[in-house]
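The values are calculated or read from the model by the stated rules, or taken from the named source; none is laboratory data. The shown structure was predicted, so the numbers you read here are calculated from the model rather than taken from an experiment. A quick note on method: Cβ atoms are made from the backbone with ideal geometry, for glycine too, and the neighbour counts reach across all protein chains shown. Just the protein is used for accessible areas: all its heavy atoms, side chains included, with ligands, DNA and RNA removed. Shrake-Rupley method; radii C 1.70, N 1.55, O 1.52, S 1.80 Å.
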Amino acid sequence: AKESGGQLVVYSAELDERAEAAERLGADLRHSLSDGDFHVVYQPIVGLSDGRMVAVEALVRWTHPLRGFVSPAGFIPVAEDNGLIVELGEWVLRTACAQLATWRRELGDRAPAYVSVNVSARQLSEPGFPAVVSAVLSENSLEPSALLAEVTETAIFGGGVAIEAVEALHRAGVLIALDDFGTGHSSLGLLRTVPVDVLKVDKSFVDEITEGGRAVIVDALIHVSNGLGLRAVAEGVETAEQAAYLRALGYEYAQGYYFAKPAPGLDLVSTPSHADGA
Ligand code: C2E
Ligand code: MG
Ligand code: MG
Ligand code: MG
């Protein structure tokens, strides 16, 4: 009993430390939001036949005042836990919509057709969220279909307010994607009950192409997607081999380092997409 007691003490001290670290990080996030330590980068979503950009995904970046770059995987869960994701997410939404309006002025019809923004469960369950989205769109003179909201299966699993918010956004004309599809609380039934326009097929399934030379899930998901009249986007494409394989399966859209890495908004104006996607 003494031994396990000792272990318990060590273990709980470790937990305390971790909770404290998360709390500190959460407080830093709060300060950083008012200090302007966040910025947004944009990654092209391209047509596989010609490598041309059709849309972009907005991805938030944080430069911690002392620690420098911290990845979203390291801080998004903290922001979700302490609720700051609501404010941070709204800031990303505003920034991304303003950027799209700027691109339209600067690039005309070479501007991305829409900007994709990741939306957390916590944001979806804020009662005013669909109204905030509408306000941000009209502030920037954007039509609702200029925005795509990326939600995860897990965020809307179990129904309730989160699904209602997705339905409200969809009714307003905002596009909806299921992000990281196949990795969360997957249920194909979800595709019938939730209004979805785009399936983002998770990188882990795309990786199978180069790991085993064949990829059962990406093959199955393009059929599901086509059968339901959805648009499929393959995520995390890193090699020419993966791009060619996906194209042969019938995928039309992809996103990944092979085509373009996430970059600041300005870069899109100065450097056109160059990969040929073949
Ligand atoms: P996600 O929404 O699935 O975004 C795609 C992630 O894959 C991004 O990571 C992107 O940089 C990365 N990626 C794209 N192509 C490749 C590739 O070819 N290879 C590899 N290895 N990675 C690739 P990032 O920016 O680190 O974001 C990670 C996750 O954090 C996102 O996954 C999303 O779930 C979350 N996130 C990022 N920005 C936001 C935001 O503004 N709001 C919310 N709620 N979540 C965000
Ligand atoms: Mg995403
Ligand atoms: Mg994704
Ligand atoms: Mg993913």
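Pull up the DSSP beta bridges for the chain and report the antiparallel fraction as a percent, rounded to 5.
Details: 16 of 37 bridges.
Looking only at bridges with both residues in the chain, the antiparallel portion is about 45 percent.
Amide H to amide H distances under 5 Å link Ile176 with Ala149, Asp197, Val198, where only residues 5 or more positions off or on other chains count and H is placed in the peptide plane. Take each peptide in 216-228, 106-118, count the other Cβ atoms within 10 Å of every residue, and average; sorted highest first, the result is 106-118, 216-228.
Sum up the charges of everything whose Cβ sits under 13 Å from the Cβ of His170, counting Lys and Arg as +1 and Asp and Glu as -1, but leave His170 out.
Numbers: positive: Arg171; negative: Glu164, Glu167, Asp197.
Around His170, the charge tally is -2.
Comparing Gly256, Gly83, Gly182 in a Gaussian network model of the chain where C-alpha atoms under 10 Å apart are linked, the largest mean-square fluctuation is found at Gly83.
Backbone phi angles across the range 126-140, fed through the Karplus curve with coefficients 6.51, -1.76 and 1.60 (θ = phi - 60°), yield HN-Hα couplings of 6, x, x, 4, x, 5, 4, 4, 4, 5, 5, 4, 6, 4, 9 Hz in residue order; Gly and Pro are listed as x.
Each principal axis of the Cα cloud of the chain was taken in turn, and the coordinate range along them, longest first, works out to 65, 46, 37 Å. Working note: Karplus 6.51/-1.76/1.60 with θ = phi - 60° gives the range 47-55 the couplings x, 5, 6, 10, x, 7, 5, 10, 7 Hz, where Gly and Pro are set to x. Residues in the range 216-222 carry Karplus couplings, in order, of 5, 6, 4, 5, 5, 5, 5 Hz; the curve used is 6.51 cos²θ - 1.76 cosθ + 1.60 with θ = phi - 60°, and Gly or Pro positions show x. Less than 5 angstrom separates the built amide H of Val233 from those of Leu199, Lys200, Val201, all sequence-distant by 5 or more or on a different chain. Rolling a 1.4 Å probe across the protein heavy atoms gives the chain an accessible surface of 49 Å² per residue.
Residues whose amide H comes within less than 5 Å of that of Ile45, counting only those at least five positions distant or on another chain, are Val54, Ala55, Val56, Glu57 (H built at 1.01 Å from N in the peptide plane).
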